[in-house]
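Let me begin by presenting the structure, written as structure tokens, before commenting on it.
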Amino acid sequence: MPQPASLNLLVLDDEWRPLHRLRADQDWRDTVNALLRWESRWLAIEQQRPDSPFPRWADIRLTRTLSKRLRPIEIALADHVIHGRKGRFSFRQAGLL
């Protein structure tokens, strides 16, 4: 049985190791609090999809918007990774970040 679709935000350390995972549908204040609590400058988007890992236009828009909105608070988007049934797609590896 395929996994349901999900979208999470990962708070990362300076070596991009996950420190904390948040559901993307939580209040944005929870994300900011987690970044402050973990003293992190890095965030990643992790997506699970039951089908193809290839990004859709909405994924690209989300990545661009989040990256742009994080800059003023000196937080950077490390990656947006989509895990699908037949592999994974990394925006950073594809040169989209």
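The values are calculated or read from the model by the stated rules, or taken from the named source; none is laboratory data. Owing to the predicted nature of the structure, the values given are computational and were not obtained by experimental measurement. Positions of Cβ are backbone-derived with ideal geometry, glycine not excepted, and every protein chain shown enters the neighbour counts. We work out accessible area using only protein heavy atoms, side chains counted, and drop any ligands, DNA or RNA first. Shrake-Rupley method; radii C 1.70, N 1.55, O 1.52, S 1.80 Å.
What to note about this one:
- Protein accessible area in the range 4-92, 1.4 Å probe - carbon and sulfur %: 53 percent
- Residue with peak Gaussian network fluctuation, the chain [Cα springs, cutoff 10 Å], from Arg49, Arg85, Arg21: Arg85
- At a probe radius of 1.4 angstrom, the accessible area of the chain per residue rounds to 68 square angstrom.
- Over the chain: helical MRE at 222 nm, DSSP H runs n ≥ 4 each giving -39500 (n - 2.57), nearest 500: -7500 deg cm²/dmol
- Solvent-accessible ranking of Val11, Val81, Val32, largest area first, probe 1.4 Å: Val32, Val81, Val11
- Modelled label positions at Asp13 and Arg41, each set 7 Å beyond Cα in the direction of Cβ, lie 1.6 nm from each other.
- Residues in the range 72-91 that a label on Ala24 would reach, taking backbone N under 18 Å of a point 7 Å out along Cα→Cβ: 76-91
- Approximate shape of the chain as ellipsoid semi-axes (Cα gyration tensor, √5λ), whole Å, largest first: 22, 15, 12
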